[in-house]
Amino acid sequence: MKEKSHELRCTGCGARIAGTDATSNFRCAQCGELYEVVYPWSSDGANLPNAGALRWLWQERRSSTLPIDQSGVWRFRDLLPILDDPSHAVTLREGNTPLYELPRCGKIAGVDWLLAKHQGMNPTGSFKDTGMTAALSVAAERGFKVVACASTGNTSAAMAAYAARAGLTSIVFIPEGKIAWGKLSQSMDYGALTIQLKSDFDGCVRVLNDLVKRLPIYMLNSVNPYRLEGQKTPALEMVEQMDWQVPEHVIVPGGNLANSSALGKGFEEMKRLGLISRVPKISVIQAHGANPLYRAMQASGGEQLEPVVADTRATAIRIGNPASWKKAVRIIRATGGWVEEVSEQEIAQAKAEIGAEGIGCEPASAVTLAGLKKLTRDGRIGREERVVLLLTGHTLKDPEYTIDFHRGTLFSDQEASSLRKPPIVLEARTDAVLKALESSIQL
Ligand code: F0G
């Protein structure tokens, strides 16, 4: 008989089950909490892989022509043995995302050394691809024909693409009118059945949870623990890109609150294996209008979370009842990180500042820089600390937001920003252009 490569462990009561025994909504049958994937080496310390050998192997795979070696997720497959046969991986060569320096943003935020791990440079333009290749491959290998998710737009885009690659049917539930056009168009382009519910993200989750109990549909929301196995790999890639140095601080946006714990899992496992000597602080930033975790930390130190009715133009994180909040609290506490909230104006300004570095990101990603500014201002991050911002989505995901910002119509009371670059409409005459140039730029 084949040796068990992994199990699912309940994060509430610690019960362990086989991967194939999970309920359709990925909640523990005993206590209702979420699962995490554990391996003999990660939970019992058995068969600990050799750190030096892993580094060498992962480096070697970079020059391979095999699709799974070219994937920035499956290149690290030794730490995510969730498939019976790795050649079953459904991959779009995700991961392999750049780690950019942001010197001007660093200066504005008051740190000497600021980097951005740009997960928006994934095949469908967001960090969701790293998780989707993992969980959808599991679905395909286990013979599911239909997959579904509730989404603020990026998960649905990723799921639709990977399902199409695997020849599976995908059903997307999105809140009507509250997702960015780029994302909606992707799910249609990749051939998903797209259902817009007259509700918010939290309403979409409710309906999907009911549905998976009745129909043989595999759920691909981030409560699915296999998603997080893929989403932990950017942590590996990040320290590899830093020559196995560890930053002091990693800052992520908080929505449904799964990604912070996924990255944390990646760092903790690397520490366990001796690949790194410490885990960075992981901080989570929420939009003020969608801040249930921030409130929970203020009110009860993260013991209890009261759902809120969420509202923010950073639609990716417009979530009032985050499923994975307990996982997020655990990793924030374990690493000594912080939770902050930022205003709509602060998000818009930070997004323009990231754009002005020639990088760009979607609004939800920009909360990281806005949050960093607050954390340095309050003395919680020192100038000398090395900080990495997780930029979760590509700037082209939500061009409407960018255009509204630059035209000055994003909010009714939008503040003037020196970064605003509204388009200039002119007659097609050289003299008119020369005049406009004189007042706009220095030549
Ligand atoms: N940034 C972006 C661009 C996102 O799309 C999301 C979540 C987050 C941050 C927050 O990550 O949920 O793990 O805390 N988007 C989900 C979706 C909910 O449906 O695409 P999280």
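Values in this text are rule-based calculations from the coordinates and carry no lab data. Keep in mind that what you see is a predicted model, and the values were worked out from it rather than measured. Here the Cβ positions follow ideal geometry from the backbone for every residue, glycine too, while neighbour counts run over all protein chains shown.
Just to be sure I understand the curve: with the Debye formula and one point per C-alpha of the chain, what is log10 I(q)/I(0) at q = 0.06, 0.11 Å⁻¹?
Reported log10 I(q)/I(0), two decimals: -0.24, -0.82.
Which whole-Hz ³J(HN,Hα) couplings does the stretch 22-36 yield from phi under the Karplus relation 6.51 cos²θ - 1.76 cosθ + 1.60, θ = phi - 60°, glycine and proline marked x?
Coupling constants for the stretch 22-36: 5, 6, 5, 9, 6, 10, 5, 5, 7, 10, x, 7, 8, 9, 10 Hz.
Specify the residue with the greatest mean-square fluctuation among Asn259, Asn224, Asn50, computed from a Gaussian network of the chain linking alpha-carbon atoms under 10 Å apart.
Result for the chain, Cα springs under 10 Å: Asn50 fluctuates most.
How about the stretch 1-50: which GluC sites (Glu not before Pro) there are in a DSSP loop, with at most 14 other Cβ atoms within 10 Å of their Cβ?
Passing both the DSSP loop test and the Cβ count: Glu3.
Run the reach check for Lys326 against aspartates and glutamates, Cα to Cα strictly under 14 Å, same-chain hits fewer than 8 apart removed. What comes back?
List returned: Glu33, Glu36, Glu303, Glu306.
Helix-only estimate, please: 222 nm mean residue ellipticity of the chain, summing -39500 (n - 2.57) across DSSP H runs of length 4 or more and dividing by its residues, to the nearest 500.
Computed mean residue ellipticity for the chain: -11500 deg cm²/dmol.
Take the cross-link list Lys397/Lys435; Lys4/Lys397; Lys117/Lys213; Lys4/Lys183; Lys183/Lys351 and give me the ones stretching past 30 Å between alpha-carbons. Mind dumping the intermediate values first?
Values: Lys397/Lys435 34 Å; Lys4/Lys397 40 Å; Lys117/Lys213 37 Å; Lys4/Lys183 38 Å; Lys183/Lys351 18 Å.
Long pairs (Cα-Cα over 30 Å): Lys397/Lys435; Lys4/Lys397; Lys117/Lys213; Lys4/Lys183.
Just to be sure I understand: with springs between alpha-carbon atoms less than 10 Å apart, which residue in Ser412, Ser300, Ser24 has the highest mean-square fluctuation in the Gaussian network model of the chain?
Highest fluctuation of the listed residues: Ser412.
Could you order peptides 165-176, 67-78, 244-255 by the average number of other Cβ atoms within 10 Å of their residues, highest first? All intermediate terms of the calculation are to be shown ahead of the outcome.
Details: 165-176: 20.0, 67-78: 21.8, 244-255: 23.8.
The densest-packed peptide leads the list: 244-255, 67-78, 165-176.
Is the C-alpha gyration tensor of the stretch 318-384 telling us rounded, prolate or oblate? Criteria: a/c under 1.5 is rounded; beyond that, a/b larger than b/c is prolate, otherwise oblate.
Judged from the Cα gyration tensor, the stretch 318-384 comes out oblate (a/c at least 1.5, b/c at or above a/b).
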